[in-house]
Amino acid sequence: MPQSIARSELILGGQKSGKSRRAELLARQWLAQAPAHRALLIATGQAWDDEMRERIARHQRERATRVPGLATLEEPCDLAGALARHSAPDTLVVVDCLTLWLTHWLMPAAEALSHGPNRPPGHDWQAQAALFFEAIRQTPGPVVLVGNEIGLGVIPMGREVRAFVDALGTLNQQAAQACERVTLMAAGLPLFLKNP
């Protein structure tokens with residue numbers, strides 16, 4: 001049975017938990033509600049190697065089949081700006097995913113690749129997150145955020161990886177506070193942690 005579209009929803013889960021599929025389902029539902037409705041995916045992933053290039057291409061092909069009306073915008077860093085530019089009352093925006101967005105801000109290799117016109121100068125990830133969550137509050141249309149829940153496993157051994165896991169946990173908590181609905185995906189099934 002279709003569920004109502006929340007003004008904002010955070011979808012968390014592990015790898016292959018069904019979180020992106022849920023976001024696509026919501027986009028498909030939104031598009032089916034009215035002919036004037038639009039849906040946009042803001043993709044934060046970047047192709048750093050051949051495997052990632054193939055993964056992105058495969059996701060694009062599969063997504064085009066599952067949700068033909070879902071447009072895609074690649075934006076690895078400036079989520080607040082992208083949301084402000086593209087949100088509209090008739091447009092559902094999916095951000096997939098917050099984890100890769102944070103990677104661009106925190107991991108040294110990603111940081112070196114991300115410098116350029118898309119990366120706002122002089123900001124750290126917390127400043128960017130604050131701008132993004134303010135943009136979510138200001139959006140005239142619905143927003144769906146997708147992110148990984150990676151804090152359920154073994155504590156990582158490396159200092160940088162522990163810092164990343166801590167930062168992602170903080171980001172997920174902030175996103176949960178900013179969103180009207182929070183859904184945890186496991187084995188393709190949604191568990192609603194916060195529901196209007």
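The values are calculated or read from the model by the stated rules, or taken from the named source; none is laboratory data. Quantities reported herein were computed from a predicted structural model and do not represent experimental measurements. Every residue, glycine as well, gets a Cβ built from its backbone with ideal geometry; the counts of neighbours run over all protein chains shown. Remember, those area values only see protein heavy atoms, side chains included, never the ligands or the DNA or RNA. Shrake-Rupley method; radii C 1.70, N 1.55, O 1.52, S 1.80 Å.
Are there any pairs, at least 6 apart or on different chains, whose C-beta atoms fall under 6 Å, with the first in segment 40-60 and over 29 Å from residue 141 (Cβ atoms) and the second open to solvent by 30 Å² or more (accessible area, probe 1.4 Å), and if so, which?
53/47
Somewhere in segment 149-164, is a residue closer than 14 Å to residue 19 by Cα and of a type in the set (D, E, K, R)?
Yes, some residue in segment 149-164 is closer than 14 Å to residue 19 by Cα and of a type in the set (D, E, K, R).
Picking from 109, 127, which residue would you name as being assigned to a helix (DSSP H, G or I), open to solvent by 70 Å² or more (accessible area, probe 1.4 Å) and either at pLDDT below 95 or under 16 Å from residue 78 (Cα atoms) (or both)?
None of the other options fit; the residue is 109.
Among the residues of segment 24-41, count how many are more than 19 Å from residue 11 (Cβ to Cβ) and in contact with a strand residue (DSSP E or B) (Cβ under 6 Å, 6 or more places away or on another chain).
Adding up the residues that qualify gives 1.
Test of understanding: among 38, 58, 7, 63, which residue is open to solvent by 70 Å² or more (accessible area, probe 1.4 Å) and in contact with a helix residue (DSSP H, G or I) (Cβ under 8 Å, 6 or more places away or on another chain)?
Only one candidate passes the filter, namely 38.
So which residues in segment 48-82 are part of a helix (DSSP H, G or I) and small (Gly, Ala, Ser), if there are any at all?
57, 64, 80, 81, 82
Against the definition (under 16 Å from the mean Cα position of the chain (by Cα) and either over 16 Å from residue 193 (Cα atoms) or at pLDDT below 95 (or both)), how does residue 171 come out, yes or no?
Spelling it out, residue 171 is indeed under 16 Å from the mean Cα position of the chain (by Cα) and either over 16 Å from residue 193 (Cα atoms) or at pLDDT below 95 (or both).
When you look at residue 132, is it more than 19 Å from residue 100 (Cβ to Cβ) and either without any contact (Cβ under 8 Å) to a residue 24 or more places away in the chain or open to solvent by less than 50 Å² (accessible area, probe 1.4 Å) (or both), yes or no?
It is false that residue 132 is more than 19 Å from residue 100 (Cβ to Cβ) and either without any contact (Cβ under 8 Å) to a residue 24 or more places away in the chain or open to solvent by less than 50 Å² (accessible area, probe 1.4 Å) (or both).
I'm trying to understand the selection: among the residues of segment 146-196, which are open to solvent by less than 20 Å² (accessible area, probe 1.4 Å) and under 25 Å from residue 26 (Cβ atoms)?
146, 147, 168, 171, 172, 175, 179, 181, 182, 183, 185, listed by residue number.
May I ask you to list pairs of residues, at least six apart or on different chains, whose Cβ atoms are under 6 Å apart, with the first in segment 76-88 being farther than 15 Å from residue 8 by Cα and the second being open to solvent by 10 Å² or more (accessible area, probe 1.4 Å) and of a type in the set (Lys, Arg)?
Going by the 6 Å Cβ cut-off, the qualifying pairs are 77/119.
Just a yes or no: is a residue in segment 42-53 touching a strand residue (DSSP E or B) at 6+ places or on another chain (Cβ under 6 Å) and either more than 19 Å from residue 128 (Cβ to Cβ) or open to solvent by less than 50 Å² (accessible area, probe 1.4 Å) (or both)?
yes
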